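Asks: This structure is in structure tokens; I'll ask about it shortly.
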Amino acid sequence: MQPWTVRDVMTNEVLAVDYETPPADVVKTMTTYDVSAVAVVGEYDNVLGIVTRSDVLNGIDMRLADRPSRLPWRRPVVTPAWIARSAGEMMSAPAMTVEPDATLAEAGRRMRRSSVNRLLVAGPDQRLLGIVTAADLLKLHDRPDEEIRADVRQALAPLSTSDIAFDVHDGVATIAGTVADAPIADLLGPVVRAVPGVTAIRNEVIITAPPTLSAAPAVRQPHRPHHDWWPTRRPQRESRPTAALVARH
């Protein structure tokens, strides 16, 4: 089973404005569609930045009215004055983006390291494709048990675990049965844990085959010649004086 990617959970329809969009129109778009951010794109839908609610507040200078109210019991009138003149001047740039084929783990790490709760999804050419939020990632952990069971079954299929039974209840996956191959048994836990929605695992798998002990390597004996064919040296006789030498003395 392939890991889930940003493409599987992202929202394809994302609100975007041009660089020259007036700030008032940006606010109107955000309030009309009840969103907390809009993307800022260029002529070819390439990502330039993002405008969030914080960016809007930073682009407004709240001022008191020039003429105070004649009624003392009324609150002073506060009118917003735009510091920024366009969405491009308000936006945060460069925007944090992620590619659609990135894994959800990569997207989550990028959000955490950048202290953001959303990422614009863009291709290699930086063309806007969608948006993924932290809520999209959290939804994967609130899936029905039926969907999780189907994904667990698909994840275990390549391992040929015909003697393994599993069940999922409230996100807790229980796997039980017998496995003759120890390496396969070691893979069951990580494979099931990678399924989105699995919060815990009860591993009751029993390994039937005992671990094989590797034989000790044979020690090579030094070569010794065989006496049947190796030529032996005859013992030398003691040298004795010849008769001629004895006669001289």
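Asks: Quick check on region 44-51. Is at least one of its residues of a type outside the set (A, V, I, L, M, F, W, C) and not in a loop (DSSP other than H, G, I, E, B)?
Replies: Yes, there is a match, as at least one residue in region 44-51 is of a type outside the set (A, V, I, L, M, F, W, C) and not in a loop (DSSP other than H, G, I, E, B).
Asks: State all residues of region 107-143 that are surrounded by fewer than 16 Cβ atoms within 10 Å (Cβ to Cβ) and more than 18 Å from the chain's Cα centre (by Cα); if no residue qualifies, say none.
Replies: Hits for region 107-143 are GLY123, PRO124, ASP125, ARG127, ASP142.
Asks: Which ones in region 107-123 are touching a residue at least 12 places away in the same chain (Cβ under 8 Å) and not basic (Lys, Arg)?
Replies: ALA107, GLY108, MET111, SER114, VAL116, ASN117, LEU119, LEU120, VAL121, ALA122, GLY123
To keep it simple, each residue is scored yes or no on (1) of a type outside the set (Val, Ile, Thr); (2) part of a helix (DSSP H, G or I); (3) at positive phi.
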| position | (1), (2), (3) |
| --- | --- |
| PRO124 | yes, no, no |
| LEU128 | yes, no, no |
| ILE131 | no, no, no |
| ALA135 | yes, yes, no |
| HIS141 | yes, no, no |
| ILE148 | no, yes, no |
| ARG153 | yes, yes, no |
| ALA165 | yes, no, no |
| VAL168 | no, no, no |
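Asks: Just checking, does region 216-236 include any residue being at pLDDT 85 or above and either aromatic (Phe, Trp, Tyr) or surrounded by 14 or more Cβ atoms within 10 Å (Cβ to Cβ) (or both)?
Replies: no
Asks: Could I ask something else about it? If a residue has to be part of a loop (DSSP other than H, G, I, E, B) and either free of Cβ contacts under 8 Å to residues at least 40 places away in the same chain or under 28 Å from LEU137 (Cα atoms) (or both) to count, how many in region 10-25 make the cut?
Replies: Total satisfying the criteria: 5.
Asks: I'd like to check something: does region 136-155 contain any residue that is under 24 Å from VAL51 (Cβ atoms) and in contact with a Leu (Cβ under 9 Å, 6 or more places away or on another chain)?
Replies: yes
Asks: Which condition from (1) out of contact with any Lys or Arg (no Cβ under 6 Å at 6 or more places or on another chain); (2) surrounded by 12 or more Cβ atoms within 10 Å (Cβ to Cβ) is the one that PRO100 breaks?
Replies: (1)
Asks: For residues that are more than 22 Å from the chain's Cα centre (by Cα) and among the polar types (S, T, N, Q), scanning just region 152-193, find the one that is surrounded by the fewest Cβ atoms within 10 Å (Cβ to Cβ).
Replies: SER162
Asks: When the residues of region 68-113 are narrowed to those that are at pLDDT below 90 and polar (S, T, N, Q), which ends up nearest to ASP8 (Cα to Cα)?
Replies: Only one residue fits best here, namely THR103.
Asks: Same structure again: Checking LYS28 against (1) surrounded by 14 or more Cβ atoms within 10 Å (Cβ to Cβ); (2) assigned to a helix (DSSP H, G or I), which single condition isn't satisfied?
Replies: Of everything listed in (1) surrounded by 14 or more Cβ atoms within 10 Å (Cβ to Cβ); (2) assigned to a helix (DSSP H, G or I), LYS28 misses just condition (1).
The values are calculated or read from the model by the stated rules, or taken from the named source; none is laboratory data. Just so it is clear, the model here is predicted, and its values are computed rather than measured. Counting neighbours? That spans all protein chains shown, and the Cβs are built from the backbone with ideal geometry, glycine included.
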